[in-house]
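Student: Sharing a structure below in structure tokens format, with a few things to ask.
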Amino acid sequence: MSKTPSLHKVNIRPSVSVLSVLKHLNYRPWFALAEYVDNAIQSYFDNEKRLRAISGKSYKLRVEIEIDPEDGGEIIVRDNAGGIALADFPRAFRPAEIPPDRSGLCEFGMGMKSASFWFAPQWSVRTSALGEPVERQVDLDIDSILAKKLEDLTVTERPAGVDEHYTEIVLKDLHQTLHGKTIGKMREHLCSIYRVYLRQETLELKFKGEPLSYPTPRVLIAPYFKHPSGKAHIWRKEIDFDFGKGLRVYGFAALFDVAIWPRLNNST
């Protein structure tokens with residue numbers, strides 16, 4: 001059995017000055033959180049066959065988001081996707097590094113880095129990649145990086161089971177306090193953004209310990225308004241546009257039974 005290569009440093013060039021402006025990006029908390037969920041979903045698609053071969057047909061992608069507003073605030077995002085492989089590790093921590101495959105959810109390669117430094121000045125990543133008996137951890141502190149003009153960060157390695165696969169991201173000392181209405185909006189938007197995966201049960205998404213679900217609005221069944229006594233129609237139409245070159249849009253367009261967007265929460 002060949003020895004698994006070690007990784008002691010990860011490079012964050014081209015310029016550490018790029019990192020200092022990430023907290024000023026025009027983000028919203030729910031879109032920033034979606035960057036982590038997108039990464040997990042893409043990892044799942046990239047490794048689906050191997051994940052099911054190891055975990056069985058009952059395997060389901062699981063992403064858990066925890067938020068603690070106390071002591072400066074903390075966010076933890078965990079998933080059981082394929083982890084960050086050794087080959088992808090350098091690219092994962094380098095700003096503005098475009099991934100080799102741009103056809104998936106992670107098109108521009110800025111998700112984890114931009115969202116994390118937007119959320120917090122200190123964050124860490126702990127991951128074990130599918131098929132690699134190693135857990136790797138990187139700790140990032142923007143003040144230390146800028147003060148010391150660091151271009152390389154230390155990677156801490158620990159033994160792990162070859163079949164273990166996960167990623168955990170911890171963000172500390174948040175730039176903004178998350179509570180009340182903001183947390184409610186985060187929950188609602190995540191339900192909406194990932195409604196297809198939740199409806200198909202491809203994804204199990206937990207937010208503060210609660211499984212999220214998308215309450216599909218009822219479709220209007222009614223006659224055409226100019227003929228109120230006429231035959232009732234189901235006001236839904238399937239759409240499927242093929243633009244060539246692998247570009248396709250499909251789904252449906254519909255009128256809701258109630259013309260007010262419902263509140264997206266688990267009590268609906």
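Student: Looking only at segment 197-207, decide whether some residue is in a strand (DSSP E or B), in contact with a Pro (Cβ under 8 Å, 6 or more places away or on another chain), in the same structural domain as residue 37 (by TED's automatic domain parsing) and under 30 Å from residue 178 (Cα atoms).
Tutor: The initial filter retains those residues of segment 197-207 that are in a strand (DSSP E or B), namely 203-207.
Keeping just the survivors that are in contact with a Pro (Cβ under 8 Å, 6 or more places away or on another chain) gives 204-205.
Subsequent filtering for residues that are in the same structural domain as residue 37 (by TED's automatic domain parsing) retains 204-205.
In the following step, the residues that additionally are under 30 Å from residue 178 (Cα atoms) were identified as 204-205.
Checking segment 197-207: at least one residue is in a strand (DSSP E or B), in contact with a Pro (Cβ under 8 Å, 6 or more places away or on another chain), in the same structural domain as residue 37 (by TED's automatic domain parsing) and under 30 Å from residue 178 (Cα atoms).
Student: Collect the residues in segment 124-141 that are within 12 Å of residue 19 (Cβ to Cβ) and either surrounded by fewer than 20 Cβ atoms within 10 Å (Cβ to Cβ) or modelled with pLDDT of 95 or more (or both), keeping them in residue-number order. Steps first, please.
Tutor: First pass over segment 124-141, keeping only residues within 12 Å of residue 19 (Cβ to Cβ): 140-141.
Answer for segment 124-141, where residues must be within 12 Å of residue 19 (Cβ to Cβ) and either surrounded by fewer than 20 Cβ atoms within 10 Å (Cβ to Cβ) or modelled with pLDDT of 95 or more (or both): just 141.
Student: Now, a different point. Among the listed residues 160, 147, 115, which satisfies the condition of being of a type in the set (Gly, Ala, Ser), more than 18 Å from residue 74 (Cα to Cα) and in contact (Cβ under 8 Å) with a residue 24 or more places away in the chain? Outline the logic, then answer.
Tutor: Details: 147 fails: in contact (Cβ under 8 Å) with a residue 24 or more places away in the chain; 115 fails: more than 18 Å from residue 74 (Cα to Cα).
From the options 160, 147, 115, the qualifying one is 160.
Student: Something else now. Which of the residues spanning segment 59-73 are more than 13 Å from the chain's Cα centre (by Cα), part of a strand (DSSP E or B), in contact (Cβ under 8 Å) with a residue 60 or more places away in the chain and surrounded by fewer than 19 Cβ atoms within 10 Å (Cβ to Cβ)? Give the derivation first.
Tutor: Start the filter on segment 59-73 by keeping residues that are more than 13 Å from the chain's Cα centre (by Cα), which leaves 59-60, 66-73.
So of that shortlist, the ones also part of a strand (DSSP E or B) come out as 66-68.
Checking the rest, the ones that are also in contact (Cβ under 8 Å) with a residue 60 or more places away in the chain come to 66-67.
Of everything in segment 59-73, just one residue is more than 13 Å from the chain's Cα centre (by Cα), part of a strand (DSSP E or B), in contact (Cβ under 8 Å) with a residue 60 or more places away in the chain and surrounded by fewer than 19 Cβ atoms within 10 Å (Cβ to Cβ), namely 66.
Student: Kindly check whether there is at least one residue in segment 27-46 that is part of a helix (DSSP H, G or I), polar (S, T, N, Q) and over 20 Å from residue 193 (Cα atoms). Step through it out loud before you land on a result.
Tutor: The first filter runs over segment 27-46 and keeps only residues part of a helix (DSSP H, G or I), leaving 29-46.
From what is left, the residues that are polar (S, T, N, Q) are 39, 42-43.
Now drop any that are not over 20 Å from residue 193 (Cα atoms), which leaves none.
There is no residue in segment 27-46 that is part of a helix (DSSP H, G or I), polar (S, T, N, Q) and over 20 Å from residue 193 (Cα atoms).
Residue by residue, here is whether (1) modelled with pLDDT of 95 or more; (2) crowded, with 17+ Cβ neighbours inside 10 Å; (3) out of contact with any helix residue (DSSP H, G or I) (no Cβ under 9 Å at 6 or more places or on another chain) holds:
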residue	(1), (2), (3)
5	no, no, no
11	no, no, no
57	no, no, yes
93	no, yes, no
97	no, yes, no
100	no, no, no
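The values are calculated or read from the model by the stated rules, or taken from the named source; none is laboratory data. The shown structure was predicted, so the numbers you read here are calculated from the model rather than taken from an experiment. When we count neighbours, we look across all protein chains shown, and the Cβ atoms used for this are built from the backbone with ideal geometry, even at glycine.
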